[in-house]
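Chemist: For reference, the structure I am asking about is given below.
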Amino acid sequence: MLKPLLIIIACLIPTIGFAKQWDFDVYLDQSKIGQHTFRLNDSNELVSQAKFNVKVLFINAYSYDHTAVERWQEGCLTSLDANTLENSAPTKVSGRRSDAGFEVDDGKTKQILPECPMTFAYWSQKMLMQPKLLNPQNGEWLDIKITRVGKEILEVKGEAVEALRYKLNASLAGKPKLNIDLWYKVENNDWVALKSITPEGYTINYKLK
């Protein structure tokens, strides 16, 4: 049910002092299903950790546990290590910069990407200028279309914030994969919210804690 939208999740964690941190509560429609934390350290290592649990009639219907560590240099991804456990099914994706480009291995296939790829690095507005992005959960190299929607007033941590909204659509070989809305604070371009509509019509919301 949530697999397409959870691809949304991409990212990283530090081992020493954090330069930036984003802590989100995650909601499926009106129900809180978990958290997703992004931490970026002074060495440009980003770690994202997500843990979701969806219950239907008090029964666990879906579980998702994801950790990705990305290392960046001058705006380019230099390495990736991502581990996901989705309904007890494990997935591992790794990537490294090499002389040939950026090599990605999902455990089944390997591919060579351009030497300066980006993941869904929502924390960096450079992402909004990319024609293609790497999905760290499954290794897909997706076609991206970004549309600037405009300014909106958004409630963030109980306060009204002026934010700039963008719509991100991702596809693979012409097949739609992701439909995401992103908001960035006008004052400082900081990422403050995310929303995605799943193919089943559910709404996923990320709200800063």
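Any read-out appearing in this document is the output of simple, stated calculations on the displayed coordinates, not a laboratory observation. Here the structure is a predicted model, which is why all the values come from computation and not from measurement. All Cβ positions, glycine included, derive from the backbone under ideal geometry; neighbour counts span all protein chains shown.
Chemist: Nearest 0.05, what FRET efficiency do Asp25 and Val56 give at R0 = 22 Å with Cβ-Cβ as r? Could you put the intermediate results ahead of the total?
Modeler: Working: r = 20 Å, r/R0 = 0.90.
Efficiency at R0 = 22 Å is approximately 0.65.
Chemist: Name the long-range amide H neighbours of Met118: under 5 Å, sequence gap of 5 or more, or other chain; modelled H, no Pro or chain starts.
Modeler: Long-range HN contacts for Met118: Leu134.
Chemist: In sequence order, what are the phi-derived ³J(HN,Hα) couplings for region 34-46 according to the Karplus relation 6.51 cos²θ - 1.76 cosθ + 1.60 with θ = phi - 60°, rounded to whole Hz, with x for glycine and proline?
Modeler: Calculated HN-Hα couplings, in order: x, 9, 9, 10, 10, 10, 10, 9, 5, 9, 6, 9, 10 Hz.
Chemist: Moving to a separate point now. What are the chymotrypsin sites (Phe, Trp or Tyr not before Pro) within region 27-109 that DSSP puts in a loop, where the Cβ has at most 11 other Cβ atoms within 10 Å? If you can, show how the numbers build up before the last one.
Modeler: Details: sites: Tyr27, Phe38, Phe52, Phe58, Tyr62, Tyr64, Trp72, Phe102; in loops: Phe58.
Taking region 27-109 and a limit of 11 other Cβ atoms within 10 Å, the loop chymotrypsin sites (Phe, Trp or Tyr not before Pro) found are Phe58.
Chemist: Can you bin the chain into rounded, prolate or oblate? Criterion: square roots of the alpha carbon gyration tensor eigenvalues sorted a ≥ b ≥ c, rounded for a/c under 1.5, prolate for a/b above b/c, oblate for the rest.
Modeler: Here the chain falls in the rounded category.
Chemist: With respect to the cross-link table entries Lys51/Lys110; Lys157/Lys207; Lys51/Lys126; Lys108/Lys132, which display a Cα-Cα separation exceeding 18 Å?
Modeler: Numbers: Lys51/Lys110 27 Å; Lys157/Lys207 8 Å; Lys51/Lys126 26 Å; Lys108/Lys132 22 Å.
Cα-Cα > 18 Å for Lys51/Lys110; Lys51/Lys126; Lys108/Lys132; rest within.
Chemist: With a cut-off of at most 15 other beta carbons within 10 Å, and DSSP calling the residue loop, which trypsin sites (Lys or Arg not before Pro) in region 63-147 qualify? Please list them. Walk me through the numbers on the way to the answer.
Modeler: Details: sites: Arg71, Lys92, Arg96, Arg97, Lys108, Lys110, Lys126, Lys132, Lys145; in loops: Lys108.
Within region 63-147, the qualifying trypsin sites (Lys or Arg not before Pro) (loop, at most 15 other Cβ atoms within 10 Å) are Lys108.
Chemist: Report the GluC sites (Glu not before Pro) located in region 85-121 that are in a DSSP loop and have at most 16 other Cβ atoms inside 10 Å of their Cβ, or state none.
Modeler: Details: sites: Glu86, Glu103, Glu115; in loops: Glu115.
Sparse-neighbourhood loop GluC sites (Glu not before Pro): Glu115.
Chemist: Please report, in debye to the nearest 20, how large the charge dipole of the chain is about its Cα centre when each Lys and Arg carries +1 at its beta carbon and each Asp and Glu carries -1 there. Spell out each step's value before the answer.
Modeler: On the way: 26 positive and 25 negative charges, 73 e Å.
Here the size comes out at about 360 debye.
Chemist: Divide by every residue of the chain the summed helix terms, -39500 (n - 2.57) for each DSSP H run of at least 4, and state the resulting mean residue ellipticity at 222 nm, rounded to the nearest 500 deg cm²/dmol. Could you put the intermediate results ahead of the total?
Modeler: Values: 1 runs with 4 residues, N = 209.
Roughly -500 deg cm²/dmol at 222 nm, from the helical runs in the chain.
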